[in-house]
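The values are calculated or read from the model by the stated rules, or taken from the named source; none is laboratory data. Just so it is clear, the structure is predicted and the values come from calculations on it, not from any experiment. Virtual Cβ from ideal backbone geometry, glycine too; neighbours counted across all protein chains shown.
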2 protein chains.
Amino acid sequence: MSTSPNSQLLKGSLSVMILRLLEGRERMYGYEITQKVKELTAGEMTITEGALYPALHKLEAEGLLTTETQVVDGRARKYYSLTKIGQTEAAGRIAELTAFLDNLNLVLNLKPSL
Amino acid sequence: MSTSPNSQLLKGSLSVMILRLLEGRERMYGYEITQKVKELTAGEMTITEGALYPALHKLEAEGLLTTETQVVDGRARKYYSLTKIGQTEAAGRIAELTAFLDNLNLVLNLKPSL
DNA sequence: TTTAATACCTAAGACTTCTAGGTATATCCG
DNA sequence: CGGATATACCTAGAAGTCTTAGGTATTAAA
């Protein structure tokens with residue numbers, strides 16, 4: 001057997017969503033991300049916090065995000081924004097996911113007659 | 001916290017691809033599936049056997065696929081086809097994945113200005 | 001005053017996939 | 001003839017992501 005250097009079948013879409021959302025903004029905090037995704041998908045997609053926070057921490061550990069904490073209305077918010085490296089990586093990972101989705105569609109969209 | 005009945009963020013696309021490929025055909029065998037996916041995606045997507053066979057076995061255990069083994073050119077092939085339940089389930093899972101991909105696009109396609 | 005919304009977090013388990021093997025036969029090429 | 005490649009199946013272990021299911025704390029609404 002061989003199976004060459006592989007692009008994973010379905011890699012985490014969550015981290016790419018995060019990067020994509022941050023591409024368009026100065027900064028966002030975790031809870032805001034969950035609400036934004038809900039809003040964009042008319043409530044159909046829910047980001048669980050158990051997935052979100054570890055994902056954010058990992059992206060930060062990888063150096064793609066930086067944080068600044070700020071207290072608003074007596075509650076602490078942790079704002080995340082893309083680092084320089086994060087901006088580059090974001091573009092790359094979005095392109096990768098897009099390419100994967102294109103291929104997925106090639107497989108899924110085939111007609112029954114083929 | 002609450003987080004309602006959730007559609008998983010990252011669902012396995014492989015099993016849905018398998019079901020989709022079988023929707024359009026009488027039957028297929030494992031190796032054939034790997035080749036078909038390669039062909040459909042111009043070599044860009046590779047199904048690893050370490051993922052494929054366990055996925056096939058699981059779908060069979062779930063009652064969505066049945067098998068018939070046949071020897072061709074001295075080599076054993078295990079053909080998989082959709083059961084009646086499999087046909088119903090296939091439609092459902094494909095719709096689910098499609099809905100998920102639509103939502104994913106809503107999040108990914110947002111313009112930087114939004 | 002209790003519930004819901006806001007806002008953060010973690011641990012345990014489930015699940016999928018990858019890596020990396022293993023077995024075996026047939027065919028192609030030198 | 002012999003070795004490599006293609007065909008064809010399989011599994012075990014590790015990696016990684018997400019869900020479930022908690023926890024803490026403040027503010028606003030009922």
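Just a few scattered comments:
- Which numbered condition B:Asp73 fails, given (1) surrounded by fewer than 14 Cβ atoms within 10 Å (Cβ to Cβ); (2) closer than 30 Å to A:Glu23 by Cα; (3) of a type in the set (D, E, K, R): (2)
- Failed condition for A:Thr67, given (1) away from chain B (no Cβ under 12 Å); (2) out of contact with any Gly (no Cβ under 8 Å at 6 or more places or on another chain); (3) within 12 Å of DNA strand D (Cβ to nearest atom): (3)
- For segment A:28-38, the count of residues that are more than 14 Å from chain B (Cβ to nearest Cβ), within 12 Å of DNA strand C (Cβ to nearest atom), modelled with pLDDT of 95 or more and in a strand (DSSP E or B) is nonzero.
- First in segment B:67-96 and over 14 Å from B:Arg27 (Cα atoms), second anywhere and at pLDDT 95 or above and loosely packed, with under 12 Cβ neighbours inside 10 Å, Cβ under 7 Å, 6 or more apart: B:Ala76/B:Thr69
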